[in-house]
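A.B. asks: Sharing a structure below in structure tokens format, with a few things to ask.
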Amino acid sequence: MIHTLPQLPYAYNALEPYIDAQTMEIHHTKHHQAYVDKLNAALEKYPDLADKPLEELLKTLASLNIDETDKKAIQNHGGGHSNHSLFWQIMGPKKQVDEQLVSEIETAFGSIDEFKKQFTDTASKVFGSGWAWLARDEQGKLHLHGLPNQDSPYLHGHTPIIGLDVWEHAYYLKYKNRRPEYIENWWKVLKLI
């Protein structure tokens, strides 16, 4: 299986004024495309792994008997591809609230406002480059994660639900070094809640 860059479900300017078109286009066509290209390159010498769904590959990565350098490349670039593929889908110009997810979040965190507060805190505390995540564990329980680089919740056996990219490439053109402002405005384009 050759991994490919997914199309965005909206135009590059659809999330303005919160995320600008130039950032979206560079983020999608340059950064995400690079993860796809480098993942495919890392998988070239492992044709048996190339056919695995990406989520399964990431979930089983630690147990694979492959070169550690290649394993790290799959972790980084496979994570980057998986993370971004979800990131594009959970954002949009119009809310499409997932009532079931809202109910689960209210049960787990007490309220949507409390969830947003804790998630924002997690995103703010990621040191350097990484992601903030709401993920579901094997028992279905919701958890928050702040993970470095392109690490995916799949690496921990968890299923990602909501992810916020806090690498500077996700916001630097518009927000410069103002990550808190980017996070605050990102809630306006998250369509699930």
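A.B. asks: Quick one: which strands (runs of 3 or more DSSP E) lie wholly within the range 126-193 and hold at least 3 residues that are in contact with a Lys or Arg (Cβ under 9 Å, 6 or more places away or on another chain) and closer than 14 Å to Ile90 by Cβ?
C.D. replies: Correct list: 159-165.
A.B. asks: Scanning for something touching a strand residue (DSSP E or B) at 6+ places or on another chain (Cβ under 8 Å), of a type in the set (Phe, Trp, Tyr) and in contact (Cβ under 8 Å) with a residue 40 or more places away in the chain, does the range 133-145 turn up at least one residue?
C.D. replies: No, the conditions are met nowhere in the range 133-145.
A.B. asks: Would you confirm whether or not the range 90-105 contains a residue that is surrounded by 13 or more Cβ atoms within 10 Å (Cβ to Cβ), assigned to a strand (DSSP E or B) and either without any contact (Cβ under 8 Å) to a residue 12 or more places away in the chain or of a type in the set (A, V, I, L, M, F, W, C) (or both)?
C.D. replies: Pass one, the range 90-105, residues surrounded by 13 or more Cβ atoms within 10 Å (Cβ to Cβ): 90-93, 98, 101-102, 104-105.
From what is left, the residues that are assigned to a strand (DSSP E or B) are 91.
Among the residues that remain, those that are also either without any contact (Cβ under 8 Å) to a residue 12 or more places away in the chain or of a type in the set (A, V, I, L, M, F, W, C) (or both) are: 91.
There is at least one residue in the range 90-105 that is surrounded by 13 or more Cβ atoms within 10 Å (Cβ to Cβ), assigned to a strand (DSSP E or B) and either without any contact (Cβ under 8 Å) to a residue 12 or more places away in the chain or of a type in the set (A, V, I, L, M, F, W, C) (or both).
A.B. asks: Sort through Ala41, Ala50 and tell me the only one that's at negative phi, among the aliphatic types (A, V, I, L, M) and at pLDDT below 95.
C.D. replies: Working: Ala41 fails: at pLDDT below 95.
After ruling out the rest, the residue left standing is Ala50.
A.B. asks: Here is a follow-up. Between residues in the range 1-16 that are under 15 Å from Gln89 (Cα atoms) and residues that are in a loop (DSSP other than H, G, I, E, B) and aliphatic (A, V, I, L, M), which pairs lie under 8 Å by C-beta distance while being six or more apart or on different chains?
C.D. replies: Leu15/Val189
A.B. asks: Listed residues Thr159, Thr122; which is of a type outside the set (Phe, Trp, Tyr) and either over 23 Å from Tyr182 (Cβ atoms) or free of Cβ contacts under 8 Å to residues at least 12 places away in the same chain (or both)?
C.D. replies: Result: Thr159 is the single residue among Thr159, Thr122 that is of a type outside the set (Phe, Trp, Tyr) and either over 23 Å from Tyr182 (Cβ atoms) or free of Cβ contacts under 8 Å to residues at least 12 places away in the same chain (or both).
A.B. asks: Let me ask another. For the range 123-144, give me each residue that is of a type outside the set (A, V, I, L, M), at pLDDT 95 or above and within 12 Å of Asp165 (Cα to Cα).
C.D. replies: Ser124, Ser129, Gly130, Trp131, Trp133
A.B. asks: Is it the case, given these coordinates, that Lys71 is assigned to a helix (DSSP H, G or I), basic (Lys, Arg) and free of Cβ contacts under 8 Å to residues at least 12 places away in the same chain? I'd like the intermediate steps shown before the answer.
C.D. replies: On the way: assigned to a helix (DSSP H, G or I): yes; basic (Lys, Arg): yes; free of Cβ contacts under 8 Å to residues at least 12 places away in the same chain: yes.
The answer is yes for Lys71.
A.B. asks: Quick check, is His27 crowded, with 18+ Cβ neighbours inside 10 Å, touching a Pro at 6+ places or on another chain (Cβ under 9 Å), assigned to a helix (DSSP H, G or I) and at pLDDT 95 or above?
C.D. replies: It is false that His27 is crowded, with 18+ Cβ neighbours inside 10 Å, touching a Pro at 6+ places or on another chain (Cβ under 9 Å), assigned to a helix (DSSP H, G or I) and at pLDDT 95 or above.
A.B. asks: Give the number of residues within the range 1-24 that are part of a loop (DSSP other than H, G, I, E, B) and either at pLDDT below 95 or of a type outside the set (A, V, I, L, M, F, W, C) (or both).
C.D. replies: Summing the residues that are part of a loop (DSSP other than H, G, I, E, B) and either at pLDDT below 95 or of a type outside the set (A, V, I, L, M, F, W, C) (or both) in the range 1-24 gives 14.
A.B. asks: Here is a further query. Which is surrounded by fewer than 16 Cβ atoms within 10 Å (Cβ to Cβ), outside the structural domain of His158 (by TED's automatic domain parsing), not in a helix (DSSP H, G or I) and not hydrophobic (A, V, I, L, M, F, W, C), of Lys52, Lys45?
C.D. replies: Exactly one residue qualifies, and that residue is Lys45.
A.B. asks: Of everything in the range 146-161 that's touching a Leu at 6+ places or on another chain (Cβ under 8 Å) and surrounded by fewer than 21 Cβ atoms within 10 Å (Cβ to Cβ), which residue is farthest from Ala62 (Cα to Cα)?
C.D. replies: By that ranking, first place goes to Ile161.
The values are calculated or read from the model by the stated rules, or taken from the named source; none is laboratory data. Treat the numbers as computed from the prediction; the structure is a model and nothing was measured. Cβ coordinates were reconstructed from backbone atoms using ideal geometry, including for glycine residues, and neighbour counts include every protein chain displayed.
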